[in-house]
Each structure stands twice: as C-alpha cells, then as structure tokens.
Amino acid sequence: MKKTTIIILGLLFSLKSFSAVFTVNNRTDLPINPGQFTTIQSAVNAANSGDTLLVAGSTNNYVGFSFSKSLTIIGPGYNPDKQNPLTATINGDIVLTSANASNSSISGFIFNARIVNLMNIIINNFTIRRSYFTSPYGWSVDFGSEVSTNVLVTENVFANTLGNGVSIYRSSSSGNVTNFRIENNIFINCRISGGMYNNVNLIINHNLFIRGNNLTPLYSSFVGGTASMAITANSAAITNNIFYNVMPLDTTVSYTKSCAMVNNITYAGTTIPTMPYGSGCVGSGNINNTNPLLLSIFNTSSTLSFNLDNLRLQNSSPAHNTAADGSDIGPTGGLYPIYQSTNQYLTGEPTLPEIKYMNFVGNSATQSGGTLQINVKAKKIN
C-alpha cells in the first residue's frame with residue numbers, strides 16, 4: 001500500500017503547485033464512480049484559474065464544454081499504452097469564451113468536435129497537445145482573434161476529411177498573430193487554412209502532411225483555397241516539414257506571399273512546384289520531389305496506404321538530420337518529437353507519471369486491519 005500512495009502523491013504534486021486537482025469520470029459500468037464529477041463542464045464550473053482537471057478514460061463519450069478561466073485539462077491519451085487502455089472522446093465543441101482562458105492547455109483526448117476560440121477574443125499562451133482530431137466539421141482547431149500570442153499546437157494527429165485541420169481567422173487587418181506555432185503534428189487529408197491579413201507571424205515546423213490517394217497528388221493539403229477564401233499563407237515560416245503526396249501551397253500568387261520556406265521535403269511522384277515559390281517567398285535547403293522514405297508508407301500505381309503508428313523514417317531517409325536545426329525533418333525531429341523514444345506507437349499520453357499495470361498479489365480483499373498486497377507498475381511519460 002505504501003508504494004501505491006507514493007505514486008499517487010507524486011502524480012498530484014507533479015501537476016501544478018498550490019492548485020487544486022479535479023477528477024472527471026463518466027463511466028456507468030462501475031459500482032462506484034471514482035471521479036469527483038461526471039461531466040467536464042461541472043468540473044470546469046467548480047475549478048478556479050490555475051487548477052487542473054484529470055479526465056479519465058471511459059466507455060462513454062464526454063460532451064463538449066466551455067470555459068473562461070486558466071485551466072490544465074488532461075485526458076489519458078488517444079491510444080494509451082497500459083493495462084486498461086480506455087480513451088476520453090469528446091463529442092461537442094470546446095469553446096473559449098473570454099480572454100481569461102489564456103494560459104491554458106488541453107492534451108490527451110480524441111476530439112470528434114472542435115476547439116473554438118470565439119471571434120475577437122484574445123487568447124495568449126495556449127497549448128493544444130497530444131490529441132487526435134476526427135472532427136466532422138470543416139475544421140478542428142479554430143482560432144479567430146484580433147491579437148493572439150504564444151499559441152502552440154503540437155504532437156497532434158488531424159484526420160479531418162472535410163479539409164481543415166487548423167483554421168486561423170482574423171476579422172480585420174488591425175490585429176496580429178504572434179508566435180502561433182504548429183509543430184510536430186500529422187495532417188491526413190486536411191490542411192491549415194484561414195483568413196489572414198498582413199504581418200502574420202505563423203510558424204509551421206516539423207509537421208507531416210499526407211494525402212491518402214495519389215490519384216490526386218496535387219491536392220492542396222497545406223494552405224491555399226479558392227477565390228472565396230482570404231489569404232491563407234502570408235509571412236509564414238514554413239520549415240522542416242514533409243509533404244507526402246501533396247502540393248505544399250496553392251500556386252496562385254494571391255494566396256502565397258512573403259513566406260520563408262526552409263529545409264522542407266516534398267514528394268508526389270509527379271511534377272510539383274519547386275520550393276520556394278509564391279510572391280516574395282524565399283528559402284533554402286529544401287529537398288524537392290524526393291521520397292522521404294517513411295517506414296510504413298506503401299505506394300502503388302493507384303493507391304497509398306500507411307500505418308499511422310509508425311510513420312518514422314527509414315535509416316536511409318534524406319530527412320535524417322537534415323532539418324535547419326540539425327534534427328530530422330518531419331514530426332520525429334525538433335523540440336516536440338511526436339513518438340516517445342521508448343515506444344514506436346502514437347499514444348497521446350500526457351507528460352505525467354501514470355500507473356501502467358496493477359494487480360493483487362493473492363487475495364483481492366482482506367479483513368479490517370489485515371494486509372493487502374498490490375503489485376503496481378508506473379512510468380513517467382516524457
């Protein structure tokens with residue numbers, strides 16, 4: 001029992017000092033619900049700014065919620081590597097309703113919904129991490145604001161067949177987006193888009209973009225669009241990304257202006273524009289139309305298939321150690337490698353100590369005052 005207590009205390013103290021921790025669990029198949037709350041919204045309502053919400057994996061989906069306070073909201077990961085690998089799936093939008101939601105983070109969920117920053121709300125220091133987005137909407141992460149700084153979207157998987165993984169909208173040219181970083185994500189059949197004006201500080205770094213069918217390899221999976229869309233790539237830093245079976249940017253000059261394109265790899269098996277391109281765009285170190293040699297991608301004459309759990313690089317890949325920062329090009333390099341070093345699978349597990357395995361040694365019950373032996377294995381996730 002002493003060993004179990006140490007692990008649990010270590011977990012709680014590793015979150016945020018001097019803040020409260022609330023637990024959420026909506027399972028109905030247990031005799032006693034171990035969570036303090038059964039809905040995320042009720043936990044949000046009870047929490048104060050600076051508090052942490054731990055949302056348990058469940059056999060039931062969670063509903064959406066809104067918040068206007070600084071919170072750390074943590075799920076179990078979208079494919080947790082442990083004895084009871086339940087996930088936390090959210091059906092319904094997560095809405096940031098005021099600037100007071102700044103300094104928040106969300107990680108470790110499956111989102112069949114959107115994370116929405118309401119238009120004209122300024123959000124600063126916000127992180128969306130290690131989640132899996134399968135939103136049926138036209139976008140998964142929708143940030144509409146006049147001025148936002150230090151927003152980080154990292155180590156996520158976007159598999160949104162309707163087109164937009166991350167959308168960034170600004171309602172006028174008076175505001176600015178500073179240090180909006182989209183790093184070490186995997187985008188499958190979807191793109192980054194939005195309506196943006198001049199002086200946009202957008203960093204797209206160490207991502208992998210995959211188009212699932214090479215019959216249409218020039219699908220604009222990253223940024224671009226039609227005449228009905230506003231400028232979608234203006235003054236962006238596009239660095240160390242892999243574009244597999246996609247065209248990185250729209251070739252229409254009005255959509256691509258003054259971007260820096262550095263040390264990217266493009267590959268479509270057919271003629272595609274050579275990076276950098278666009279009006280006033282500059283760059284160097286790009287590897288154009290060259291197979292990045294990902295481990296699990298299999299390309300035939302008409303189809304493309306891959307194993308999402310292992311999109312690492314082959315040993316002979318030209319992406320090895322050729323990024324501008326000296327690491328790998330793509331999501332395995334940079335500051336936030338999407339794969340954990342000890343596990344080849346994508347798990348989305350949070351950066352917390354967690355119990356991986358627990359069983360009773362001998363009897364699972366004992367008399368009052370007796371001894372109950374429990375074998376516990378725990379691990380700190382990087």
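The values are calculated or read from the model by the stated rules, or taken from the named source; none is laboratory data. In this text the structure is predicted, and so the values were computed from the model without any measurement. All Cβ positions, even for glycine, are placed from backbone atoms using ideal geometry, and neighbour counts span all protein chains on display.
Listed values, structure above:
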{"item": "Boolean, residue 233 is buried (at least 22 other Cβ atoms within 10 Å of the Cβ) and modelled with pLDDT under 80", "result": "yes"}
{"item": "Pick from region 1-43, criterion closer than 18 Å to residue 76 by Cβ, in a helix (DSSP H, G or I) and among the aliphatic types (A, V, I, L, M), ranking: modelled with the lowest pLDDT", "result": "7"}
{"item": "Residue selected from region 193-216 under the condition under 17 Å from residue 258 (Cα atoms) and of a type outside the set (S, T, N, Q), by the criterion modelled with the lowest pLDDT", "result": "197"}
{"item": "Qualifying residue in region 237-255 (condition: modelled with pLDDT under 85, among the polar types (S, T, N, Q) and crowded, with 23+ Cβ neighbours inside 10 Å)", "result": "yes"}
{"item": "Some residue of region 82-94 being under 17 Å from residue 128 (Cα atoms), part of a strand (DSSP E or B) and either of a type in the set (Phe, Trp, Tyr) or touching a residue at least 40 places away in the same chain (Cβ under 8 Å) (or both)", "result": "yes"}
{"item": "Search result, residues across region 121-169 that are modelled with pLDDT under 70, assigned to a loop (DSSP other than H, G, I, E, B) and not charged (D, E, K, R)", "result": "137, 138, 139, 145, 160, 161, 162, 163"}
{"item": "Test for residue 49: is it under 27 Å from residue 120 (Cα atoms) and in a loop (DSSP other than H, G, I, E, B)", "result": "yes"}
{"item": "Sole exception among (1) farther than 16 Å from residue 85 by Cα; (2) outside any loop (DSSP other than H, G, I, E, B); (3) touching a residue at least 24 places away in the same chain (Cβ under 8 Å) for residue 54, by number", "result": "(1)"}
{"item": "Any hit, region 74-86, residues being surrounded by fewer than 21 Cβ atoms within 10 Å (Cβ to Cβ) and hydroxyl-bearing (Ser, Thr, Tyr)", "result": "no"}
{"item": "Hits in region 109-120 - residues which are at pLDDT below 95 and in a loop (DSSP other than H, G, I, E, B)", "result": "113, 114, 118, 119, 120"}
{"item": "Residues located in region 256-288, provided they are in contact with a Gly (Cβ under 7 Å, 6 or more places away or on another chain), outside any loop (DSSP other than H, G, I, E, B) and at pLDDT 85 or above", "result": "260, 261, 262"}
{"item": "Residue in region 292-313 that is farther than 15 Å from residue 337 by Cβ, modelled with pLDDT of 90 or more, of a type outside the set (A, V, I, L, M) and surrounded by fewer than 18 Cβ atoms within 10 Å (Cβ to Cβ) present", "result": "no"}
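Yes/no per residue for (1) at pLDDT 90 or above; (2) out of contact with any strand residue (DSSP E or B) (no Cβ under 7 Å at 6 or more places or on another chain); (3) under 26 Å from residue 154 (Cβ atoms):
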residue	(1), (2), (3)
325	yes, yes, yes
331	yes, no, yes
341	no, yes, yes
346	no, no, yes
